[in-house]
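Below: the structure, in structure tokens.
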Amino acid sequence: MNFETENDPDILRQAALLLERENQRLAKEIIKLTAELIALKGGDSEQMKLRIAALEQQIAQKNRLLFGKTSERRANGEGGAPPEPPEPPKPPQKGHGPKAQLSLPIEEVVHKLDEADKVCKSCGGALVEWEGQFETSEEIDPVPRRFVLKKHKRQKYRCGCGGCIETASGPEKLFEGARYSIEFAAEVGVDKYGDHAPLERQVRKMRREGLLVESQTLWDQLERAARLLAPGYEALFQYVLSRGVIGADETRWPLLGKNEPSRWHAWSVVAPDAVAYRILEGRSN
């Protein structure tokens with residue numbers, strides 16, 4: 001049948017209905033075969049959903065183009081007006097769908113059937129592993145933080161002459177006799193100053209994770225770490241002051257428990273490639 005020359009509305013309407021049914025059948029078959037192909041290639045369920053959704057959108061646009069307003073115009077005898085262009089696909093919404101996690105380590109977990117389930121449901125024969133064939137999906141799983149009590153045993157050495165005894169060096173400490181490691185102090189500092197987690201909140205979190213500690217102990221770690229880092233901070237401040245062009249700004253720094261206007265100010269001194277801060281009493285320093 002030549003649709004361009006046929007003018008009988010009833011014949012055109014029947015032909016359009018037949019073509020639409022056939023098109024829907026083929027569309028379902030395409031979606032089914034696409035899902036099977038993705039599964040055979042080891043694609044995950046999210047990838048399959050996205051691909052099928054894209055196919056459904058393309059098929060819907062083609063259906064609107066073939067059997068929408070154009071067929072109605074032809075059935076009413078309006079001739080071969082050009083079809084309206086399909087609507088452009090909507091951009092994907094932000095915040096939805098899986099995000100690429102390029103920095104996370106990958107840990108593969110293989111799931112296998114129990115021995116009792118390795119039986120064919122059709123013939124009752126034994127199921128064997130299909131080498132290299134898996135259904136793959138992704139799951140983001142947290143690894144709980146844990147604290148350990150390390151016992152450092154410093155080996156002693158002696159000479160047969162009885163005149164010399166040596167002991168192996170132990171780990172470096174923030175200060176002599178410190179019970180907490182440098183890594184512990186660094187983590188407390190990052191949580192407080194990088195993630196704005198107060199020390200009392202960290203104490204409660206650590207208690208849930210099995211460590212009994214007081215906020216004063218955490219503060220002691222920060223105070224000792226600040227002493228060690230002070231020379232580097234002072235060098236940074238002098239470096240900023242030595243630059244040819246610098247900027248400076250200040251804001252009031254209120255003191256807790258003080259109702260009167262604060263005389264303390266936080267100063268920032270900025271160079272193109274560095275910034276340093278000072279908290280000083282007054283604005284004239």
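The values are calculated or read from the model by the stated rules, or taken from the named source; none is laboratory data. Here the structure is a predicted model, which means the values were calculated and not measured. Here Cβ is always computed from backbone atoms with ideal geometry, including for glycine, and neighbour counts include all displayed protein chains. Each accessible area value is taken on the protein alone, full model and side chains, heavy atoms only, with ligands, DNA and RNA left out. Shrake-Rupley method; radii C 1.70, N 1.55, O 1.52, S 1.80 Å.
Observations on the model:
- Trp253 - accessible surface, heavy atoms, 1.4 Å probe, Å² rounded to 10: 110 Å²
- With a simple spin-label model that places each label point 7 Å from the Cα along the Cα-to-Cβ direction, the separation between Ala39 and Ala197 comes to 4.3 nm.
- Solvent-accessible surface (1.4 angstrom probe) belonging to Leu37, in square angstrom, nearest 10: 90 Å²
- Members of Lys151/Lys205; Lys150/Lys192; Lys153/Lys205 lying beyond 28 Å, as alpha-carbon distances in this model show: Lys153/Lys205
- 5 angstrom amide H check on Trp253, placed H, neighbours 5+ away: Trp264, His265, Ala266
- FRET efficiency, Phe147 to Lys112 (Cβ-Cβ, R0 41 Å, nearest 0.05): 0.75
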